Each structure stands twice: as C-alpha cells, then as structure tokens.
Amino acid sequence: MRDFQVGAQGVGKGLTDIVTGPFDLVAGAQNAAVGGINKLLGTNIPMATPASKLVEKAVDATGIPVIDPATMSRSEKLAYDVNRFGTHAIGTGAMLAQRAPSVAAAASRSETVPERVLDHMARPYTEAPARTLVGDTIGGAGAGVAVNASDNYVPDDASVFGRYVGHGLKDAANLIAPLVGASGANTLQAGVEGLAGMIRNLASKTFASAPAPIPLNPTTKAPYSNADVDRAAARFQSTATGSPQALAQDIRENAEALAVPGEGGSALQASAMPTSGLLSRDPGLIAAEQGARLKSSPAFVKRDQNVMGQTIRILKRAYALHDLVKMIQELEDLREKVRLAEAARVLH
C-alpha cells in the first residue's frame, strides 16, 4: 500500500508541476527582482509564494495523508522522482501533440514569443507523434533518475577546490540534473533503437525471401533470400558498360512503352516482355544474359518464344518501330548463338 501511495504521489506531483509550472516561473522571476531591490535599497518587500507551495498547503489543510519525500527511502524516492518527471513529460507531450496539427497547418508563424516557443516544441509531434511522446517520456524518467542522484549524492554544504560554496553546488546540480538525465536517457534510447534497427535489417537481408515475381531456386525449389538477390544484382550490374541508374531508367521506360496497349490491341503480357538485357540495350548486360542462356537456356528460350509470338503486334506500333526491330534482331542473334553453343556441346 505504501508503494502505491508513493507512486500516486509522484504522479500527482507531476500533474501539479504541469499546472503550476508557468505560475512558478513568474513567481521566481518576481522574487529575483524583489531580492535585488531589497538588497540595493534596504527595503523589506515580501517574496511571492510559488503556486506549487500554495497547492501543497491546500493539500495539507484537507487532512489527506501524504508521505513526506524527505522521509522516503532511497528506492521510494527514486520511484517518486521517476513517476513525477515521467508524468510531467507525458502530460506536456500530450498537450504539444494536440497543438501539432494547427502548427502543421499554419501558413505563418505565431504572433507572440510564447506561442512561437510552443510551436517550436510541438513541431516534432507533427512528424512522428507516437515516437516523440515515447522519447519525451523516457527523457522525463531519465530526468527523475538524475534529480534523485543529485539529492542523494550532492552535499547540501560543499567546498569546491578548497572554496566553500555552501548550498550553491546543490542548487547548480539540481538545475543541471534534469537536463543531463533527459539527454542521457534519450541518447541511450537512440542507441538501443539503432542497434535494434541494425539487427532487424541484418535479419531481413539474411532470412527474408525474395519478392514473389522472382522464380524459385531450381536446385533447392525454395525462394531466394534477399541477400542472394542483392549479390546477383551486383554481379549483373558489374557487367554493365553504362551507369546503373541510367540503365534502370532505360529498362523501366522501354518496359512501360511495350506495356502500353496499341491501337485496337491489348497490353503486352509480362511473360512476353523482353529480358532486362534487351530492354537496357547495354552490350555488357546483353553479353551477361547470353552467358546465362548457355547455363540455363530453357527459361530463356521460353521467354524468347513468347516475345517472338508478339512480334507482329509490337511492330505495328510505329513510334517504337526502329528500336523494336533492333531488339528483335538482337534476340534472333542470341538464339542462334545459343543454338550453336548447344550443338557444339553435344558434339564434344
């Protein structure tokens, strides 16, 4: 029951920080100015009471049992601080996520400085709201851990390099601790995400199967892995005499041109589409395909027959006549070379 109360108090304190935070900032600025005036003029102007302190007094007045953070054990105080700053981050992130759509749709920046600050803070939520909220929550928890460490390990009265600084070191540590803790937690989060992404990509390349249009391995009758496809593509591209990007564009454009139905005709079937080497018109790729024909000619012969079956219909497309005639001539030359190579292999 005590553990639950400690956690609930941490959540409640985080929600209180969200509500009273702006008022506490104003009170802090006012007290700084009043302190300066009192010191210079010798006056005794009273300090403003922060809104968070007023809330604590109101809670005490209700008689609700509350555990004093000063009496908590180290583990309880750690849980309290993590819940407090984590809740603060979640609540603030939720409000920024609600503001994000209006920021994304805005045609001009906000008029006031506070609104522009909020717009800047909300902008990450326009791109990846869920991931940003998770990151802010992790950062808030990290800030709680750092604040807890500062409370436990930084002395109230300290000396730095032999000079007594009193409570100054504690104040500085409490100011810096949330920033250091949040930054450290988000850095750790980024490292874990990067490692997970690397493992996921490695597993995908190693174990994932190739896309469905790629035929099965004729030896194992199993799909090729993506790694096998990448290696084959690299070997195939290495034989090209032109730029891989330019060849890919040529293949795509030529295939799209052949796939467009002619007048009174239908679109070219995928089984009758010329091979990539012929579509690219690159001598290196055509030579590589010729070598593949010698090793596994039945598949190429079947595709070549399908292409030749469409010759008359394709040649009716006047805009592609010259290029297509050249393509078919190259195809006939390749078929003749394959026939001669097979005949020579039988003779030997």
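The packing ranking, built from the mean of other Cβ atoms within 10 Å per residue, places the peptides 40-49, 93-102, 20-29 in the order 93-102, 20-29, 40-49, highest first. For the range 35-159, relative contact order (Cα pairs under 8 Å, six or more residues apart, normalised by length) works out to 31 percent. What separates the Cα centres of the range 78-106 and the range 1-27 is a distance of 14 Å. Hey, any idea what % of the range 16-122's accessible area is carbon plus sulfur with a 1.4 Å probe? About 65 percent, which is the carbon plus sulfur part of the accessible surface.
Toward the positive end of the charge dipole of the range 100-227, with +1 on the Cβ of Lys and Arg and -1 on the Cβ of Asp and Glu, the farthest Cα among 145, 202, 158 is that of 202. Sorting the segments 133-142, 244-253, 81-90 by their residues' average number of neighbouring beta-carbon atoms within 10 angstrom, most packed first, yields 81-90, 133-142, 244-253.
The values are calculated or read from the model by the stated rules, or taken from the named source; none is laboratory data. Owing to the predicted nature of the structure, the values given are computational and were not obtained by experimental measurement. In this analysis, Cβ positions are derived from the backbone assuming ideal geometry, glycine residues included, and neighbour counts consider all displayed protein chains. In case anyone asks, the SASA skips ligands and DNA or RNA and just uses the protein heavy atoms, side chains included. Shrake-Rupley method; radii C 1.70, N 1.55, O 1.52, S 1.80 Å.
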